[in-house]
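The values are calculated or read from the model by the stated rules, or taken from the named source; none is laboratory data. Note that the coordinates shown come from a computational prediction; the quantities given were computed from them, not determined experimentally. When we count neighbours, we look across all protein chains shown, and the Cβ atoms used for this are built from the backbone with ideal geometry, even at glycine. When the accessible area is computed, the model is the full protein with side chains, heavy atoms only, and any ligands, DNA or RNA have been set aside. Shrake-Rupley method; radii C 1.70, N 1.55, O 1.52, S 1.80 Å.
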Amino acid sequence: MSTSMPRFEMPSEVVAPPSTVADEPGVETSRDAQPSAPVHARPGTRSGFGWRQVVIACVLGAVLGAAVPATLDAVERAAAAARVDTLRAAALDYLTAIADGRAELASEAVPLGGRGAAAPDAVLQAAGRIEAYEVRLVHVDGAVGTAEVRYRVGGSDVYRTLQAEHDATGWRLQTSLAEVVDLAYYEPITRVQIAGVPLGGGAPVLLYPGTYTVDIVSGPIFLSGGDVFVVDGDPHTPTVPYVTAGVVPQISDYATELAMASVAACQTEPGCAVPADARVEPTGAVVRMGMGATMESIDLSVPVAAAVEGGPEWFEVRVRVVLDERGAPVEWLCGKPGELGTDLVPCAA
């Protein structure tokens, strides 16, 4: 009897059970029987670009975004500081030009606004100029600014605010320190000039801050000048130089001689204001009383004192000088002592 053994057949292909392989720590993927099959991420797993990279990118973006305004802020601050510095330099250069006696340069830096012409450099250089000058404070607001300045002139401190505007060429100061010299009250017998430059006449003359001395000028009859006045650069304080005019010593001496002769002649006449026995002496300075409308004559007053009983008495003798077309004296007329309203007669020499 034959016994047959059970027959087993080996499968032609062994299929391995699915297995799990960890491609990355903490991440599992399923591997199929076919090695070439694509691997698909399971739900809840991450591939290539993960959340960490997203966080880093956000942080970097925030840092870079904050850095841009900060950089722009720094640039703006630097530009503002540069504008303050350039305005300060412009104001200081202006004060330096005045202190150095460079009136023409100062007029180029700041317009005079059609108020007249500035006196030439020689006039400012002959003056006692500003000192202890400084730019105390500068304020800039966009294209406009101000510069607070201080300087000393004529023994006083002056504070001014200079307005300025900014354009393509830089800062331009708009406030001039030059002042118009008011000669409205100056008399025609005087010649107002400084360093040989006449200040009277047609167009107004402007002077920069300084202490000025009027030239002493001698004419045929009068001597004027020698007076000192201060220009402080502040339009609220008018500049009105007072110019003294006196009679030329030779003319004063001759007018006094004629007046004494006129008094002596009067004393011999009845009704004379000066007693015949009174001793008469000249006293005081000869001064101008008036002049003709066209300056064809000038009236002088000669003061005299008469010693009479009870004390001295003072009288004035009027002496008129008739001038030719050149202003030289050609005739002398005298009045009686104490009678200024009477007609004048040729003086007794």
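The condition of being closer than 25 Å to Val84 by Cα and more than 13 Å from the chain's Cα centre (by Cα) holds for only one of Asp182, Asp157, Asp121, that being Asp157. Would you point out the residue of the stretch 320-349, among those that are closer than 15 Å to Met291 by Cα and small (Gly, Ala, Ser), that is surrounded by the fewest Cβ atoms within 10 Å (Cβ to Cβ)? Result: Gly341. Here the stretch 300-319 is the region considered, the condition is being open to solvent by 60 Å² or more (accessible area, probe 1.4 Å) and part of a strand (DSSP E or B), and the residue that is nearest to Cys347 (Cα to Cα) is Glu316.
Here's the yes/no breakdown for (1) farther than 28 Å from Pro198 by Cβ; (2) at pLDDT 95 or above:
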| residue | (1), (2) |
| --- | --- |
| Ala119 | no, no |
| Ile130 | no, yes |
| Val138 | yes, yes |
| Ala143 | yes, no |
| Arg152 | yes, yes |
| Leu162 | yes, yes |
| Ala168 | yes, no |
| Leu177 | no, yes |
| Leu183 | no, no |
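Per-residue answers, yes or no, for (1) open to solvent by 70 Å² or more (accessible area, probe 1.4 Å); (2) farther than 17 Å from Ala348 by Cβ; (3) of a type in the set (D, E, K, R):
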{"residue": "Val263", "(1), (2), (3)": "no, no, no"}
{"residue": "Gln267", "(1), (2), (3)": "no, no, no"}
{"residue": "Val274", "(1), (2), (3)": "no, no, no"}
{"residue": "Asp277", "(1), (2), (3)": "yes, yes, yes"}
{"residue": "Thr283", "(1), (2), (3)": "no, yes, no"}
{"residue": "Val286", "(1), (2), (3)": "no, yes, no"}
{"residue": "Met289", "(1), (2), (3)": "yes, yes, no"}
{"residue": "Ile298", "(1), (2), (3)": "no, yes, no"}
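When Thr237, Thr211 are checked against the criterion of being assigned to a loop (DSSP other than H, G, I, E, B), over 15 Å from Ala118 (Cα atoms), at pLDDT 85 or above and open to solvent by 30 Å² or more (accessible area, probe 1.4 Å), a single residue qualifies: Thr237. In the stretch 208-228, the residues that are without any contact (Cβ under 8 Å) to a residue 40 or more places away in the chain and at positive phi reach residues that are open to solvent by 40 Å² or more (accessible area, probe 1.4 Å) and not charged (D, E, K, R) with C-beta atoms within less than 6 angstrom, at least six apart or across chains, in these pairs: Gly225/Ile216; Gly226/Ile216.
Out of Leu87, Leu92, which single residue is in contact with a Ser or Thr (Cβ under 9 Å, 6 or more places away or on another chain), modelled with pLDDT of 65 or more, open to solvent by less than 80 Å² (accessible area, probe 1.4 Å) and closer than 30 Å to Leu207 by Cα? Full working, then the answer.
On the way: Leu92 fails: in contact with a Ser or Thr (Cβ under 9 Å, 6 or more places away or on another chain).
Every option except Leu87 fails the conditions.
In the condition set (1) under 26 Å from Ile216 (Cβ atoms); (2) in a helix (DSSP H, G or I), Cys266 is compliant with all but (1).
Among residues of the stretch 120-137 that are free of Cβ contacts under 8 Å to residues at least 40 places away in the same chain and under 11 Å from Thr211 (Cβ atoms), those with a Cβ under 6 angstrom from a residue that is open to solvent by 70 Å² or more (accessible area, probe 1.4 Å) and part of a strand (DSSP E or B), sequence gap 6+ or separate chain, pair up as Glu131/Arg152.
Determine which member of the set Arg150, Arg136 is over 30 Å from Gly226 (Cβ atoms), open to solvent by 50 Å² or more (accessible area, probe 1.4 Å) and not in a loop (DSSP other than H, G, I, E, B). Exactly one residue qualifies, and that residue is Arg136. Among the residues making up the stretch 195-206, those that are part of a strand (DSSP E or B) and touching a Gly at 6+ places or on another chain (Cβ under 9 Å) are Val205, Leu206.
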